[in-house]
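J.: Questions regarding the structure given below will be posed in turn.
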Amino acid sequence: MNWIILITAGLFEVAFASCLAKARSTTAPQSYWWLAGFLVSLTLSMLLLYKATQSLPMGTAYAVWTGIGAVGTVLMGIVFFQEPTGFWRLFFIFTLIASIIGLKVASA
């Protein structure tokens, strides 16, 4: 169950980074809604991370949380913000995903 909580926390990290990017690219008053989404997502992400670390090792939980956030944010940037998708960028995203899975397997 705590792995599901941790994955959800990582997804909220992707949400707060995406809201921050949208807030930057819009003007008031629309940017205020994106900033509100940023604050809600940030709060939920931190609370869920805290909950997950009550039974998972802190180092593993933090690494998985940031990994989910990093991979998810890069993928959001590629899909929604037209960021570049070169071979090496995709290669290193894949290695990051493999490392996250490795941490999960090693801590089981």
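J.: Would you list 83, 13 from fewest to most Cβ contacts within 10 Å? The partial results should precede the final answer.
T.: Working: 83 14, 13 25.
Taking fewest neighbouring Cβ atoms as first place, the list is 83, 13.
J.: Let me ask something else. Separation between the residue 47 and residue 89 pseudo-spin-labels, each 7 Å from Cα along Cα→Cβ, expressed in nm?
T.: Each label point is offset 7 Å from its Cα along the Cβ direction, giving 3.4 nm.
J.: Over all alpha-carbon pairs in the stretch 2-107, figure out the percentage whose distance exceeds 16 Å.
T.: 60 percent
J.: Got a sec? How would 26, 60 order by Cβ neighbour count within 10 Å, fewest to most?
T.: 26, 60
J.: Please arrange 4, 93 by how many other C-beta atoms lie within 10 Å of their C-beta, fewest to most.
T.: Fewest-to-most ranking of 4, 93: 4, 93.
J.: Something else now. In nm, to one decimal, how far is the modelled label at residue 101 from the one at residue 33, with both set 7 Å along Cα→Cβ?
T.: Each label point is offset 7 Å from its Cα along the Cβ direction, giving 3.8 nm.
J.: Still on this structure: What is the distance, in nm, between label points placed 7 Å from the Cα along the Cα-to-Cβ direction at residue 80 and at residue 54?
T.: Once both label points are built, they end up 3.0 nm from each other.
No value in this document is a laboratory result; all are computed from the given coordinates. Keep in mind it's a predicted model, so treat the numbers as computed, not measured. So basically every Cβ, Gly included, is an ideal-geometry build from the backbone, and we count neighbours across all protein chains shown.
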